[in-house]
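Report on the following structure.
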Amino acid sequence: MDIINKEKKYKILFVEDEPSFQEIFKSALEKNNRYRVIQAFDGEEGFKRAREEKPDLILLDLVLPKKSGFEVLKDLKEDKDLSAIPVVVLTNLESGGDIEKTTSLGAKAYLIKADYSLDEITSRIEKIIKDCIPE
Amino acid sequence: MLSFRKIFDLLNLKKQCDQYQVGLWSCPQFLFVVMGVLIIISIISTNIVVRRYAEPEISALIVMGITAILFVIGHAVVSSFERIAEDSRTKSEFISVVSHELRNPLTSIRWQLDLLKNGHFNFSEKQCQEALEIMDNDSKRMNEVVSDMLAVHRVEEKAFKLNPEFFSLADLTGAVLKNYKKQAQKNGTKIEVLVQDGLPPVFADKKKIQMVIEHLIDNALKYGRPNQTVRVEIEKTGKKVRLSVSDQGVGISEKDAGKIFQKFFRAGNVLRHQIEGIGLGLYIARQIIEKSGGQIDFKSRENKSSTFWFTI
């Protein structure tokens, strides 16, 4: 059973400073008209947009201007209005403790951008949405 | 099972110390052996002294003296371990930074190709052109990372050679700046060049000095703010010529000032401003300038400006 509500359009906040990634993702996720992608280009903007928009899912890069992804994740999880929003870390950073650190801060998944093709990454994200967002 | 060769290798102190790439007096194995020898000497000599003179003051003095030497060597052992641990930390940090810096353009190329390959969005000719340009830049970025790593390897080699010749620093700078015109225009940066009249030619390795100038201009453009003015000044100072590059950018905090020329260093405030690079440029620049008999330094105000200069 497809539990994604066909009527509802899910809001995804993408916090990423690289403009080319932002554009590619927006086009790829919005093409089926099921998702709306909200863009934020630095850590501070990411947190601000999360408060304003209350998205269904947050995709978070770790190396960000102004405020790192780790800090944004911590702030999101400490904010009682936002702590329930699932956060997926989407980054190319992969040093020793990064995965454990973000998981202990409450991230749902840790995806390395370079490991996936565009189709693979979008279907991974769709699956995560199915798994963690109630209809 | 340990073969004879392995046992011999384990006993070969020079080989053991070479693997850490540190001097003999910073090598833990060597220091342990020295300590062991001293302990044996101290036991024997105390024994002899006590037997011969049976004077407690003299034996106490000898024991104290040897304890002091052991204490100093113990301290050296601990600090050499600390250095090795620090090196290994720097190396793993370096691997993580380099893989991030290579993976980012790599992912960008991969995803742009996915878009083009799948004909996802009926690209217009202009969009195709843009995608190709992005991929072109990405591949250049990757090459820069690799070139920097190789350059570090080269300047650290014992056989690093400079091929000095007489040339005009002003002409060289002019030629270098031509290559940065596009990049400067893109983020609205104005580059001002001030050259003092009657400068003498400099005697140095032209290609290597070109690398240094490129690193300094590159940094000024990367760490500067959009619509800033980058000022390049060339003037005479004593018998040497001084070149300085000033930007209006993120600057360098006092905390980071001492580390800026270190290998793999990327200032704490740089991670916040997300700048590409692996932190080798200034290290390479310093090696080149110092090996050419010049000086390199900077002054900076955090969040305001930085001026990097060298003399040659």
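The values are calculated or read from the model by the stated rules, or taken from the named source; none is laboratory data. Since the structure is predicted, the reported quantities are computational estimates derived from the model, not experimental observations. Cβ placement follows ideal geometry from the backbone for every residue including glycine, while neighbour counts extend to all protein chains displayed.
Which condition from (1) within 30 Å of B:Ser26 (Cα to Cα); (2) at the interface with chain A (Cβ under 10 Å from one of its Cβ atoms); (3) free of Cβ contacts under 8 Å to residues at least 60 places away in the same chain is the one that B:Ile134 breaks?
Of (1) within 30 Å of B:Ser26 (Cα to Cα); (2) at the interface with chain A (Cβ under 10 Å from one of its Cβ atoms); (3) free of Cβ contacts under 8 Å to residues at least 60 places away in the same chain, only one is false for B:Ile134: (1).
Only one of A:Leu64, A:Leu57, A:Leu90, A:Leu73 is under 11 Å from the mean Cα position of the chain (by Cα) and within 14 Å of chain B (Cβ to nearest Cβ). Can you tell me which?
A:Leu90
Are any of the residues in segment A:88-103 surrounded by fewer than 16 Cβ atoms within 10 Å (Cβ to Cβ), farther than 26 Å from B:Ser99 by Cα and polar (S, T, N, Q)?
No, segment A:88-103 contains no residue that is surrounded by fewer than 16 Cβ atoms within 10 Å (Cβ to Cβ), farther than 26 Å from B:Ser99 by Cα and polar (S, T, N, Q).
If A:Val15 satisfies all but one of (1) among the β-branched types (Val, Ile, Thr); (2) in contact (Cβ under 8 Å) with a residue 60 or more places away in the chain; (3) within 14 Å of chain B (Cβ to nearest Cβ), what's the number of the condition it fails?
(2)
For segment B:216-231, enumerate the residues that are closer than 17 Å to B:Leu243 by Cα and surrounded by 21 or more Cβ atoms within 10 Å (Cβ to Cβ).
Selection gives B:Leu216, B:Ile217, B:Asn219, B:Ala220, B:Val230.
Return only the number of the condition from (1) over 23 Å from B:Val241 (Cα atoms); (2) surrounded by 15 or more Cβ atoms within 10 Å (Cβ to Cβ); (3) touching a Ser or Thr at 6+ places or on another chain (Cβ under 9 Å) that B:Ile191 does not satisfy.
(1)
Say we look at segment B:11-67 and pick out the residues that are loosely packed, with under 14 Cβ neighbours inside 10 Å, modelled with pLDDT of 70 or more and of a type in the set (S, T, N, Q); which of these is farthest from B:Val77 (Cα to Cα)?
In this case the residue turns out to be B:Asn47.
Of all residues in segment B:237-250, how many are crowded, with 22+ Cβ neighbours inside 10 Å and of a type outside the set (Asp, Glu)?
6
Can you pull out every residue in segment B:103-131 that is of a type in the set (A, V, I, L, M), in contact with a helix residue (DSSP H, G or I) (Cβ under 6 Å, 6 or more places away or on another chain) and facing another protein chain (nearest Cβ under 9 Å)?
B:Leu106, B:Ala131
Residues in segment A:93-135 that are within 13 Å of chain B (Cβ to nearest Cβ) and outside any helix (DSSP H, G or I): how many?
9
Condition test on B:Ser88, is it surrounded by 15 or more Cβ atoms within 10 Å (Cβ to Cβ), of a type in the set (Ser, Thr, Tyr) and part of a helix (DSSP H, G or I)?
Details: surrounded by 15 or more Cβ atoms within 10 Å (Cβ to Cβ): no; of a type in the set (Ser, Thr, Tyr): yes; part of a helix (DSSP H, G or I): yes.
No, not satisfied.
Specify which of the listed residues (B:Val152, B:Val97) is in contact with a Gly (Cβ under 8 Å, 6 or more places away or on another chain) and touching a residue at least 40 places away in the same chain (Cβ under 8 Å).
B:Val97
For segment A:1-89, which fully contained helices (runs of 4 or more DSSP H) count at least 3 residues that are over 26 Å from A:Ala114 (Cβ atoms)? Break it down into steps so the answer makes sense when it comes.
On the way: elements: A:19-30, A:43-53, A:69-78.
Here the list reads A:43-53, A:69-78.
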